[in-house]
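Asks: Would you mind keeping the following structure in view while I ask a few things?
The values are calculated or read from the model by the stated rules, or taken from the named source; none is laboratory data. If you're wondering where the values come from, they're calculated on a predicted model, not measured in any experiment. Cβ sites come from the backbone with ideal geometry, for glycine too, and all protein chains shown count toward neighbours.
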Amino acid sequence: MISPRQCVALSLVALTFAIPATLSAQPSPSQGVAVPDSSLTTQADSASLETNPAGLGFVRGSELGYRYLIPSDTFDDVLGSGHATSFALGNGYVGLGGQVQWLKRPELGPELGSYRKYTLGAAVAMPRFFSVGLGVNMFGSRSSERLNDLTTLDVGMQWRVGEHLGLGMMVRDAMPAYLQEDSALPMRLGLGMALRGFDGRLIFDTELYHVRGARLVSVEPRVMGEVYPGLRLFARSAISLDTEREHEPRIVAMSAGAEMSLGLLGTSVAALLSKDAESADVAFNALNGRVWMGNQRRRSVVGSSRRWVRLDLDNSIAEQAVSQLFGPSTRSFLNLMQDIDAITQDPTVAGVILGVGNFNLGYGQLWELHQAFQRLHEAGKHSVALMSSTTTAGIYAASAAREVWMLPATPYAPTGLQAELTSYQGLLENMGVEAEFVRIGAYKSAPEAFVNAMPSEEAREQTGEYVEAIYDELTSRIALRRGLEAEAFKAIVDNAPLLPDEALDRGLVDALVYDDELPERMRDLFGSGVRVDRGYQPVTIDDEAWGLRPEIAVVYIDGAIIDGGSGRSPLGGSVMTGAASVNATLRQLASDARVKAVVLRIDSPGGSALASDLIYREVRALARTKPVIASMGNVAASGGYYVAAGADEIFATPNTLTGSVGIFAGKFNFEQLAGRLGMSSTPIQRGERAGMFSLWRGWSEEELEGVSETMSYLYQLFLTQASAGRPLSADELDKVARGRVWTGTSAREAKLVDTIGGILDAVRRAEELAGLSPDRAEVTTYGGMSGLPAPQGFRAWLGAFIAAEPAVNAPRLLDHLPQGALRRSLETIEAQALWPLYFEQGQTLMLPAHPLHLH
């Protein structure tokens, strides 16, 4: 007979091992050392192999753990003891784990009482949402050959239905396993449901366990509360239910304990208690504990703010990420902004070192960089810029930081801004090529480079106003950072370059430091315990990432807008956005229930009028079902502005070049050049205007008149369509249109844009319009070169290798040229002289005034 005390003890075993070993069922050796605060539904660490192997699927990183069960003297001969070591590693998609346990189980009998249990497990998961896993158990015993030959299988599932609800299931001994020759171990089933709030800081968990063939069912409610970051208190009880007799449910066992986390290291301990059914006395039975360490970060009771992060501003950063095998890959500018935003909120980071080298970012993006650092400083963090590039743009970028350090061998050279209006008319004339263009809008000066020997007054006027506005903004901001008047800094620019020592003496920089001297300099200023990490790795707290999160989609419209699919230009490798690719993406997002809002990130001067119109119409269709916000980068002009006008709201930086509402069309006539080369063309046509866009002759007066009428019609259509989503009539829009370009600040005054802000501001507004709390949505980028999310990491490498669009990933001439005058010259020629060749003869174009590149 089993004594009442032993009945209580065995009931406690049921709680301790998370699957009840009821009196009417054969005990199982596969039950190992309990987890102090176990949960079928929420466990996702190295201890998951004992609780539910599906938890391995949600592991991100690696972890080592140790568990123990130490009974009181009174229950040592009944309850037994155990020790376990375990490990787990995973990436959120696939998890692996293993553990070794040394167990003493008196209830199994003297022959099997002491043995070892070995477990290997694996799980696959849909990140933050659903995971399935299995664990294979093998055993070692000096006294039982049958136990040595035994293999059992555990299977489990975890379903994080949403942020506040999770479900779990665990089947132990899922396949027939015979410890006794005539009797298989009974299958043990566990079901769990967890309700959670405050990012996992409060959990109410209920689990139900049943052994096949037994009449008892155990219901185990659990509550856990994080009373202080990294400090958790938990308690649970085991309530026994008899499914065959009409007995009232009774509490047979309880546990209570605490867990303390230091972020990457922690411990938990619980007291296991039993309750006498007759006397209601509560007895202490055992101490159950766990220690773990790993890089899967948890909230911590202590926070370190001694860590600094170095972020480098160089040619590896572009508007959108491009991954390729043959040539350089780039990281997106949005990713850089997200890193700074995350650092701003990360209590473990004290400051940022911004390495300023050679980069290709524009003044609109650099304004956004300043805004990000301003938020960083408002959060109480420090920043330092280390300049190896001291151009005007480099100094403007570095001035975002509180301190500016410069390499001792680098002159301080802010030489100002310049936009070159280059004419190719004389070259074409000497070659025997005639350029014929029709434009609408006096300021629509894009084709002037091919038809005029000198820029028009309108081109000079608007270009001068734009350059002056950007110059005033950047000189004022740099001067403010250095405690100078704007005019004083302009005087320095007019006398640049300055020697490094002179720049230091005049307070333009705070120190002259070589890169290898940086660690020592940091220790001198901020203490010996300062650590500098190169690059920022965002830390995801698993508790804060339950369920499939709503999505804010960022769609890039980058570079020239062209008909058909997206790709890259053949010379420089610059991105070209195709209407077919973008519209396929927008239709996909319209039907995706997870996508709650869309941000169009536009850094485009426009291009094909037809392609721009098709994208505009798709944006308007999307905006009827979901919020759409347009975020303008360095330039969103002409066709780029037309696309933005389809959004619900438009954000621009003060330095954005926008407007240029106007159109033009034209062609090149190679007749004279062909004659000089001894070439001739004999047309055979049907229809008076069949050769209207031929390379071998110019336009007749009638053809020119027809093109002009078409331009007038399309311009009015442009005004009507673009004004439909703006607080302007077509006539009011015409007054600020006519091809004229504006800065973002001027465009806001003219009601062409709604808000001054950057890409992160646009994302926050999209969240607001979608009814989402800040930072609760997942931001996913969709590249302008495909209808798929912009790839990152290994997926990017693989995507480049098997890309379905070889034109995107094929090597380009400039990919293999180092940064320097030759590369810049070729890029300039492509941007200013070759762009008409990317479009058909006579195609109606929406491009801004003469291409502007500030340097």
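Asks: For residue 671, all conditions in the list (1) modelled with pLDDT under 95; (2) under 23 Å from residue 724 (Cα atoms); (3) acidic (Asp, Glu) hold save one; what is the number of the exception?
Replies: So residue 671 meets the others, but not (2).
Asks: Then there is this: Got a number for residues in region 42-63 being farther than 20 Å from residue 254 by Cβ and hydroxyl-bearing (Ser, Thr, Tyr)?
Replies: 3
Asks: Let me ask another. Could you tell me whether any residue of region 318-329 is farther than 20 Å from residue 473 by Cα, assigned to a strand (DSSP E or B), under 20 Å from the mean Cα position of the chain (by Cα) and at pLDDT below 90?
Replies: yes
Asks: Also, quick follow-up: Among the numbered criteria (1) without any contact (Cβ under 8 Å) to a residue 24 or more places away in the chain; (2) over 36 Å from the mean Cα position of the chain (by Cα), which single criterion is violated by residue 424?
Replies: Unmet for residue 424, out of (1) without any contact (Cβ under 8 Å) to a residue 24 or more places away in the chain; (2) over 36 Å from the mean Cα position of the chain (by Cα): (1).
Asks: I've got another one for you. Select from region 655-666 the residues that are outside any strand (DSSP E or B) and out of contact with any Phe, Trp or Tyr (no Cβ under 6 Å at 6 or more places or on another chain) and list them in ascending order.
Replies: If the condition is that a residue be outside any strand (DSSP E or B) and out of contact with any Phe, Trp or Tyr (no Cβ under 6 Å at 6 or more places or on another chain), then 656, 660, 661, 662 are the ones that fit.
Asks: Would you confirm whether or not region 74-88 contains a residue that is part of a helix (DSSP H, G or I) and free of Cβ contacts under 8 Å to residues at least 24 places away in the same chain?
Replies: Yes, the conditions are met somewhere in region 74-88.
Asks: Of all residues in region 586-623 being crowded, with 24+ Cβ neighbours inside 10 Å and of a type in the set (Val, Ile, Thr), which is farthest from residue 779 (Cα to Cα)?
Replies: Step by step, filter region 586-623, then rank; the result is 615.
Asks: Condition first: closer than 18 Å to residue 356 by Cα and either free of Cβ contacts under 8 Å to residues at least 12 places away in the same chain or assigned to a loop (DSSP other than H, G, I, E, B) (or both). Now tell me which residues in region 469-496 satisfy that.
Replies: Scanning region 469-496 gives no hits.
Asks: Let me ask something additional. Return a yes/no flag: does region 590-601 have any residue that is β-branched (Val, Ile, Thr) and in contact with a Leu (Cβ under 7 Å, 6 or more places away or on another chain).
Replies: yes
Asks: So residue 367 ticks every box in (1) under 21 Å from residue 535 (Cβ atoms); (2) at pLDDT 95 or above but one. Which box is left unticked?
Replies: The number of the failed condition is (1).
Asks: Sticking with this structure for a sec: Considering each residue of region 619-645, count those that are small (Gly, Ala, Ser) and not in a helix (DSSP H, G or I), and give that number.
Replies: Looking only at that region, the number is 7.
Asks: Looking at 384, 404, which is the one that is in contact with a helix residue (DSSP H, G or I) (Cβ under 6 Å, 6 or more places away or on another chain), modelled with pLDDT of 80 or more, more than 30 Å from residue 676 (Cα to Cα) and of a type in the set (Val, Ile, Thr)?
Replies: Going through 384, 404 in turn, just one is in contact with a helix residue (DSSP H, G or I) (Cβ under 6 Å, 6 or more places away or on another chain), modelled with pLDDT of 80 or more, more than 30 Å from residue 676 (Cα to Cα) and of a type in the set (Val, Ile, Thr): 404.
Asks: Kindly indicate whether any position in region 364-379 is surrounded by 19 or more Cβ atoms within 10 Å (Cβ to Cβ), assigned to a loop (DSSP other than H, G, I, E, B) and more than 20 Å from the chain's Cα centre (by Cα).
Replies: no
Asks: How many residues, within region 111-148, are within 24 Å of residue 83 (Cβ to Cβ) and part of a loop (DSSP other than H, G, I, E, B)?
Replies: 7
Asks: If residue 213 satisfies all but one of (1) small (Gly, Ala, Ser); (2) in a loop (DSSP other than H, G, I, E, B); (3) surrounded by 20 or more Cβ atoms within 10 Å (Cβ to Cβ), what's the number of the condition it fails?
Replies: (3)
Asks: Report the residue count in region 611-639 for those that are touching a Pro at 6+ places or on another chain (Cβ under 6 Å) and not β-branched (Val, Ile, Thr).
Replies: 2
Asks: If you don't mind, another one. Which residue out of 195, 208 is in the same structural domain as residue 54 (by TED's automatic domain parsing), among the aliphatic types (A, V, I, L, M), free of Cβ contacts under 8 Å to residues at least 24 places away in the same chain and within 23 Å of residue 54 (Cβ to Cβ)?
Replies: 208
Asks: Kindly check whether there is at least one residue in region 240-262 that is basic (Lys, Arg), at pLDDT 90 or above and assigned to a strand (DSSP E or B).
Replies: no
Asks: Now for a separate question. Counting only residues that are under 47 Å from the mean Cα position of the chain (by Cα) and hydroxyl-bearing (Ser, Thr, Tyr), which one in region 143-188 is farthest from residue 28 (Cα to Cα)?
Replies: 151
Asks: Which number in (1) of a type in the set (S, T, N, Q); (2) at pLDDT below 80; (3) more than 33 Å from the chain's Cα centre (by Cα) marks the one condition that residue 786 misses?
Replies: Result: residue 786 fails condition (3) only.
Asks: Does region 48-65 hold any residues that are part of a helix (DSSP H, G or I) and in contact with a Phe, Trp or Tyr (Cβ under 8 Å, 6 or more places away or on another chain), and which are they?
Replies: Across region 48-65, the qualifying residue is only 57.
Asks: When you scan region 301-310, how many residues do you find that are surrounded by fewer than 20 Cβ atoms within 10 Å (Cβ to Cβ) and touching a strand residue (DSSP E or B) at 6+ places or on another chain (Cβ under 7 Å)?
Replies: 6
Asks: Same structure again: Tell me whether region 225-238 contains one or more residues that are buried (at least 16 other Cβ atoms within 10 Å of the Cβ), modelled with pLDDT under 95 and of a type in the set (Phe, Trp, Tyr).
Replies: Taking every residue of region 225-238 in turn, none turns out to be buried (at least 16 other Cβ atoms within 10 Å of the Cβ), modelled with pLDDT under 95 and of a type in the set (Phe, Trp, Tyr).
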